[in-house]
Each structure stands twice: as structure tokens, then as C-alpha cells.
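To start, the structure under review is shown below, and the notes come after it.
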Amino acid sequence: MTVLVAYASGLGSTAEIAQHMASRLAAAVDAVECRSVEEVESVSGYEAVIVGSAIHNQAWLSPAAAFFSRLAPELATRPVWAFSVGMADALPKPFRKHAAALQLKRVGELLPPEVPLRGHVIFSGVYQSDQMPAPLRIVFRLAGGRFGDLRNWADVNAWTDHIAADLAKPTA
Ligand SMILES: Cc1cc2nc3c(=O)[nH]c(=O)nc-3n(C[C@H](O)[C@H](O)[C@H](O)COP(=O)(O)O)c2cc1C
């Protein structure tokens, strides 16, 4: 079985998550390829697909959204998982869970309904202070917000292992 991990990344953190997932999956399946969505013309050579995108301005990056729409007929006939990378864990603690759930719902609603997903999760990525206008930074910090590499690799590993376990199940 060959699995594709495809990603769209603005500043690199989503690409690194995709590469990490692909390396981890390699121990569980015959072959894994990790590619930018823009490099993928067809998914016909893959038995399963994982697609991830950074969230910018409340939505997937346009190459990821285009990948999903363009390849919807092929994607609809194989298992597909999606992951989104946002900044919920940068927010003050009481808002993190709710913000992540809201963002996941919003992004999910923008994906083509004809591609059933086996799962869609949201991870936090990297959110640096220079991504926020300077006058807001101090207020953000005072309110409990934080900047930095907020990726939780244990969560990424757990989700990857969940997919590996699902792929290992005999097909009905
Ligand atoms: C221009 C811009 C807009 C962003 N908009 C959002 C957003 O609407 N929601 C969110 O959760 N995170 C948002 N983020 C945070 C990014 O999703 C986060 O930094 C992520 O790690 C970016 O992934 P990338 O490095 O692959 O581009 C934004 C970041 C940038 C730079």
C-alpha cells in the first residue's frame, strides 16, 4: 500500500508536520510519499491520502482547497484524512479548545462534501510575534496569549498511529 501525505504550507510548519507524519507512517505501510499539493496531479497511484493545510485567514491555503476540489472524484474512492494547522494554542488558555473546535468546523465546512473524510483534526503550528501587528502584541501577551512553536508532536504521533491502525484493518 502506498500512502500520500500532501500538504500546503505558507511558512513551513505544516510541511514539517506532514514530513514527520510520513516518516512515522513509513514504519507501518509499504510506501509513503510526502508532497506539496501543487506537485500532485493525480492520486490514482495511492491507496490512501492524508491532506494537510495551514489555516490562514480562517481557511485552507488556496492550493490545498484547489487540490481537494480538483481531485474530488479520485479522492472520493479512497480513504482520506485531513489535518489543519492553526494557532488556537497561542490564545489565552480558556479560549484554546473552543477556538480550535470552531476553526475545525469552519474549515471542514469549506471542504467539498463529496469527499467523505475518515477524520479531520486540527493541530497548532508556529505562531511568531511578527505575525501579529506590533501594537496588538503586548495586549495579546497580557491577556495570556503566547507566541512560538506550539506544535504538539505527541498529538501528531497519536493521530498518525491511529491512521496506521485503521489502514492495517482488513477491508470488508
Ligand atoms: C497570514 C496568516 C494568517 C493566519 N490566519 C490564521 C487563522 O485564521 N486561524 C488560525 O488558527 N491560524 C492562523 N494563522 C496561524 C497559522 O495557521 C500558523 O502560523 C501555522 O503554523 C502556519 O502554518 P505554515 O507555517 O505551514 O504556513 C495565520 C498565520 C498567518 C501567517
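The values are calculated or read from the model by the stated rules, or taken from the named source; none is laboratory data. What you see is a predicted model, and the numbers here were worked out from it, not measured in a lab. Here the Cβ is made from the backbone with ideal geometry for all residues, glycine too, and neighbour counts use every protein chain on show. Note: areas computed on protein heavy atoms with side chains; ligands, DNA, RNA excluded. Shrake-Rupley method; radii C 1.70, N 1.55, O 1.52, S 1.80 Å.
Filtering region 147-172 to residues that are open to solvent by 90 Å² or more (accessible area, probe 1.4 Å) and in a helix (DSSP H, G or I) leaves only H162. Evaluating L11 against the criteria (1) within 16 Å of the ligand (Cβ to nearest atom); (2) outside any loop (DSSP other than H, G, I, E, B); (3) not polar (S, T, N, Q) leaves one unmet condition, (2). In region 134-146 there is no residue that is more than 13 Å from the ligand (Cβ to nearest atom), of a type outside the set (G, A, S) and part of a loop (DSSP other than H, G, I, E, B).
Can you pull out the residues in region 73-97 that are crowded, with 17+ Cβ neighbours inside 10 Å and hydrophobic (A, V, I, L, M, F, W, C)? L75, V80, W81, A82, F83, V85, M87, A88, A90, L91 - these are the residues of region 73-97 that are crowded, with 17+ Cβ neighbours inside 10 Å and hydrophobic (A, V, I, L, M, F, W, C).
Scanning region 107-133 for residues that are in a helix (DSSP H, G or I) and of a type in the set (G, A, S) yields a total of 2. Restricting to region 63-97, count the residues that are farther than 18 Å from A18 by Cβ, within 16 Å of the ligand (Cβ to nearest atom) and either in a helix (DSSP H, G or I) or without any contact (Cβ under 8 Å) to a residue 40 or more places away in the chain (or both). Summing the residues that are farther than 18 Å from A18 by Cβ, within 16 Å of the ligand (Cβ to nearest atom) and either in a helix (DSSP H, G or I) or without any contact (Cβ under 8 Å) to a residue 40 or more places away in the chain (or both) in region 63-97 gives 7. Could you tell me whether S44 is among the polar types (S, T, N, Q), surrounded by 19 or more Cβ atoms within 10 Å (Cβ to Cβ) and in contact with a helix residue (DSSP H, G or I) (Cβ under 7 Å, 6 or more places away or on another chain)? No: the conditions fail for S44.
Within region 29-58, residues that are under 21 Å from P116 (Cα atoms) have Cβ atoms under 6 Å from residues that are part of a loop (DSSP other than H, G, I, E, B) and within 16 Å of the ligand (Cβ to nearest atom) in these pairs: S53/L61; A54/S9; A54/G10; A54/L61, counting only partners at least 6 apart in sequence or on another chain.
Residue check: is D89 touching a Ser or Thr at 6+ places or on another chain (Cβ under 6 Å) and among the charged types (D, E, K, R)?
Spelling it out, D89 is indeed touching a Ser or Thr at 6+ places or on another chain (Cβ under 6 Å) and among the charged types (D, E, K, R).
So for region 106-118 (the condition being more than 16 Å from the ligand (Cβ to nearest atom), closer than 25 Å to D30 by Cβ, within 15 Å of the chain's Cα centre (by Cα) and surrounded by fewer than 18 Cβ atoms within 10 Å (Cβ to Cβ)), does at least one residue qualify? So far as region 106-118 goes, yes, one or more of its residues are more than 16 Å from the ligand (Cβ to nearest atom), closer than 25 Å to D30 by Cβ, within 15 Å of the chain's Cα centre (by Cα) and surrounded by fewer than 18 Cβ atoms within 10 Å (Cβ to Cβ).
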